[in-house]
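Nothing in this text is a laboratory measurement; each read-out follows from the coordinates by a stated rule. In this text, all values refer to a predicted model and were calculated from it rather than measured experimentally. In this analysis, Cβ positions are derived from the backbone assuming ideal geometry, glycine residues included, and neighbour counts consider all displayed protein chains.
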Amino acid sequence: MHKYSIQIKLGALVADSPRKEKGISMKTDILIVGSGCSGLYCALHLPQQMRVTVITKSDLESSDSFLAQGGICMLRDEDDYEGYFEDTMRAGHYENNSASVEIMIRSSRQVIQELVGYGVEFQREADGSFAYTREGAHSKKRILFHKDITGKEITRKLLGQAKSRKNIELLEYTQMLDLISGDNRCYGAVVKKADGTTALLRASYTVLACGGIGGLYTHSTNYRHLTGDAIAAALRHQVALKNINYIQIHPTTFYTEGKQERSFLISESVRGEGAKLYDKHMRRFVNELLPRDELTAAILEQMKKDGTPYVWEDLRPIPKAELDAHFPNIVAYCAKMGFDVTKECIPVVPAQHYFMGGIQVDTDSRTSMEQLYAVGETACNGVHGRNRLASNSLLESLVFAQRAAEDIGNKAAKEKREDALPAGVGMEQYEDYEAYIADSQAAVLEEIRRTEAGGQNKPGLQD
């Protein structure tokens, strides 16, 4: 058992007020931990007669979903099914769950149609049809995009929809500290509220949508507050994990000297549109459209040969009109850092980017614990295998978030849960917040290292 955990037995039902009980407890039908695209999409697909509480560790827009640049994949037509399936499997070294891959691909057109209905604007051709781009390890163009801020475009529209729903409550700066469980059943979470107090948040069903683990790395494209909270909770409560050493390094982030808040991603779409990679002598050394793990290995090897902390990326092969229309934020960031991408190369270096492993779930996003679900980067349903295919993350998150919501809705329609918490559950273990968080993060790192054999190299992991 983990040093810090709360395992409860069922006891007397506490006062049944709509939200707050005895000053230290709150109640909801469904608790969703995380306000990224998977958490929001799940909330929007839950029955509207159910009370849904979405909590987020920071503000509502500080999720990695807002940072996703490249795009979202869609099955263009039936002729592309085998190619898309094979591209996903090959990128994942055939360690993918083929059933999950099929579900994701087959669901893609419905998801995109729904996003458009929510007001998401994807790039269009002159005739009004979707414009597609290509990224590494894709055999053809099948990626929809909105400039170079596709994740922001999708997630802000989902957030707007969630804010309009009367049954959805959004709580910022509310951190999950622990799960509440007994007899392998989840009854909600222990949370640290925005005012600094600690409370029990009781829920009939709990969905973990906490994002990844980038905050545990010195160099990561992730927000720093994403530190594997769901993984730590799973370790405390013996919830099954899968492939947590499968951690993807993005090949190209903008190189800067010294420590930074997070690494700025240079989207794979840039290379899909023609950008090249050069060594210190400005010679091309690799196929830029290799799968991410293979390209990362090639870049790290070239850096070692050259004795440099970066390689060069050349965006000049891309027409200026395309750069301005498709990659305005990348162009602006590079300019802010003193580089004109129409005239010179930029320095890039690999950095931690994505977590393919996570809490083991089935194709309905159910974990090994009753009444507990996991979606998005927190979960491992096997879609990605050992290495994620570019622009599958947003799609996978949305598809399996919807499946979680539908499974919860079906269960809730069949049975009404009134699970009790015991009166006076002790909260002393959470009083030393700093020690508790340090212990949690150390436990995640220890488990990753324990299962590390066979995974990718992981530069920059903190000790």
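Values as computed for the structure displayed
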item	result
Rounded to 5, the percent of DSSP beta bridges in the chain classed as antiparallel	60 percent
Separation in nanometres of the label points that stand 7 Å from Cα toward Cβ, at residue 98 and residue 344	5.2 nm
Selection from 300, 251, 237 lying farthest towards where the dipole of region 222-328 points positive, charges on Cβ	237
Dipole magnitude (debye, nearest 20) for region 249-352, charges at Cβ of Lys, Arg, Asp, Glu	200 debye
Unit Cα scatterers, Debye sum, region 249-352: log10 I(q)/I(0) for q = 0.16 Å⁻¹	-0.64
Listed residue (36, 73, 26) projecting farthest to the positive dipole end of the chain, Cβ model	26
Total charge dipole magnitude, the chain, about the Cα centre, Cβ charges on Lys, Arg, Asp, Glu only, Debye to nearest 20	440 debye
Given charges at beta-carbon only (K, R positive; D, E negative), |dipole| of region 87-229 in Debye	260 debye
Relative packing of peptides 288-297, 200-209 - highest average C-beta neighbours within 10 Å first	200-209, 288-297
Relative exposure of 81, 132, 187, judged by other C-beta atoms within 10 Å (fewest first)	81, 132, 187
Within the chain, helix-based [θ] at 222 nm, where runs of 4 or more DSSP H residues each add -39,500 (n - 2.57), nearest 500	-9500 deg cm²/dmol
Axial C-alpha extent at least 30 Å, average Kyte-Doolittle at least -0.5 - helices from the chain (DSSP)	393-414
Fewest-first ranking of 263, 100, using other Cβ atoms within 10 Å as the exposure measure	100, 263
Dimensionless Rg/Rh of the chain - Kirkwood Rh, Rg from C-alpha atoms	0.97
Dipole of the chain [Lys/Arg +1, Asp/Glu -1 at C-beta], most positive-end residue of 94, 227, 188	188
